[in-house]
Amino acid sequence: MSRFWSDVVHGLTPYTPGEQVPMPGLVKLNTNENPYGPSPKAIAAMQAAVGDQLRKYSDPGNAVVKDAVARRFGLTREQVFVGNSSDEVLAHTFHALLKHELPLLCPDISYGFYPAYCSLYGIEAAQVPLNERYEIDVEDYRRPCGAVIIANPNAPTGIALPLERIEALLAAHPDQVVVIDEAYVDFGGQSAISLLGRYDNLLVIQTLSKSHSLAGLRVGYAVGHPELIAGLERVKNSFNCYPLGQVAQAGAVAALDDVAHMEQTSQAVIATRTWLTAQMQTLGFEVLPSQANFIFARHPQRDGAQLAARLRERAILVRHFGQARIDQFLRISIGTDEECAKLVDALKAILG
Ligand SMILES: *Cc1c(COP(=O)(O)O)cnc(C)c1O
């Protein structure tokens, strides 16, 4: 608290990110980072971009990145928005498209930044409870609203909705923007991008942080009808005309073009996820069916917060949320096979 803060600042509830602790030997499974490196082509492109040209401003239109996204998904540049991380793209989306007279609908358990942006931009939200299996049931969203946002696969559950359910949601709200946050879609989900031609109310947001292993680069994008994109551009150009530097632009293009690297590493993550899920079940955990690069699991006899603390003592970080309904769960990012084996060994020891 400070007497210098504006009223807005007093009213904020900021998002708490997973901790970044520089400790050698730490098994870090708390922030859904990719255990495999980014495309070597992306690294080479970024190294080549470091030079005298950095004295100039980057292209404010992000044309090369937009074109790479458009190429990848068979879209036009006018259907693409680019930002400095998908968190920033989400922030501009809340600001530009999600504040209306009626409340924004979002799941009660989802990405923690959604309520944070609602408080930042003064957006009224109505939280729709996940069903008893921790799934989003789109039938529960059939009610008057100003807009809808969901993550698919959802976080932190990892559960994905089939495309046909997303389409039902879009069809039920032809006059509201429906935002699908697809941060984890490359690990087994179905992207709604294929529906863009038929729904002008659809905005899909993706990031290079997870499946492209570039969390440190901070690049995200949204795709949708040119009118939605134009709204985002207006907010962006009232905020920061150059959200991506030249190095990030070069790296993003090369990463987006190297689909093979992304698919190979995602398949490796999926294989480890299958193994870890089976191991956790053998240890007595209930594991929700994940299509993401993490699993969400609870033990019927062991307290979630205590398990996370015991793992931490053994230099293994996982994420625990002290939120109603999910405070017994651990969210565990899929690391390398070796890291996940260390986790399983530690859990065996802790459970006795
Ligand atoms: C990780 C994550 C993001 C943010 O990704 P960045 O591009 O790194 O900001 C957005 N949405 C969800 C659901 C995420 O889990």
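Values as computed for the structure displayed
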| quantity | calculated |
| --- | --- |
| Pairs, first in contact (Cβ under 8 Å) with a residue 60 or more places away in the chain in the range 293-307, second in a strand (DSSP E or B), C-beta under 7 Å, six or more apart | 293/333; 294/331; 294/332; 294/333; 295/287; 295/332; 296/329; 296/331 |
| Any hit, the range 18-35, residues being modelled with pLDDT of 95 or more and more than 16 Å from the ligand (Cβ to nearest atom) | yes |
| Wholly enclosed strands (runs of 3 or more DSSP E) of the range 115-201 bearing at least 1 residues over 29 Å from residue 70 (Cα atoms) and within 21 Å of the chain's Cα centre (by Cα) | 125-128 |
| Any hit, the range 210-225, residues being of a type in the set (Lys, Arg), in contact (Cβ under 8 Å) with a residue 40 or more places away in the chain and within 16 Å of the ligand (Cβ to nearest atom) | yes |
| Check on residue 1, in contact with a Gly (Cβ under 6 Å, 6 or more places away or on another chain) and farther than 30 Å from residue 156 by Cα | no |
| Condition met for residue 228 (assigned to a helix (DSSP H, G or I), more than 27 Å from residue 290 (Cα to Cα) and within 16 Å of the ligand (Cβ to nearest atom)) | no |
| Qualifying residue in the range 176-183 (condition: over 23 Å from residue 288 (Cα atoms), within 16 Å of the ligand (Cβ to nearest atom), crowded, with 17+ Cβ neighbours inside 10 Å and assigned by TED's automatic domain parsing to the domain that holds residue 90) | yes |
| Residue in the range 315-333 that is within 17 Å of residue 34 (Cα to Cα), in a helix (DSSP H, G or I), in contact (Cβ under 8 Å) with a residue 60 or more places away in the chain and basic (Lys, Arg) present | no |
| Unmet criterion (only one of (1) within 23 Å of residue 331 (Cα to Cα); (2) out of contact with any strand residue (DSSP E or B) (no Cβ under 6 Å at 6 or more places or on another chain); (3) away from the ligand (no atom under 11 Å from the Cβ)) for residue 108 | (2) |
| Residue tally, condition surrounded by 20 or more Cβ atoms within 10 Å (Cβ to Cβ) and part of a helix (DSSP H, G or I), over the range 278-296 | 1 |
| Sole residue being away from the ligand (no atom under 12 Å from the Cβ) and either within 19 Å of residue 85 (Cβ to Cβ) or buried (at least 21 other Cβ atoms within 10 Å of the Cβ) (or both), chosen from 168, 192 | 192 |
| Verdict on residue 208 being aliphatic (A, V, I, L, M) and within 12 Å of the chain's Cα centre (by Cα) | yes |
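The values are calculated or read from the model by the stated rules, or taken from the named source; none is laboratory data. As the structure is a computational prediction, the values presented were derived from the model and not from experiment. Don't worry about glycine lacking a Cβ; one is built from the backbone with ideal geometry, like all the others, and counts go over all protein chains shown.
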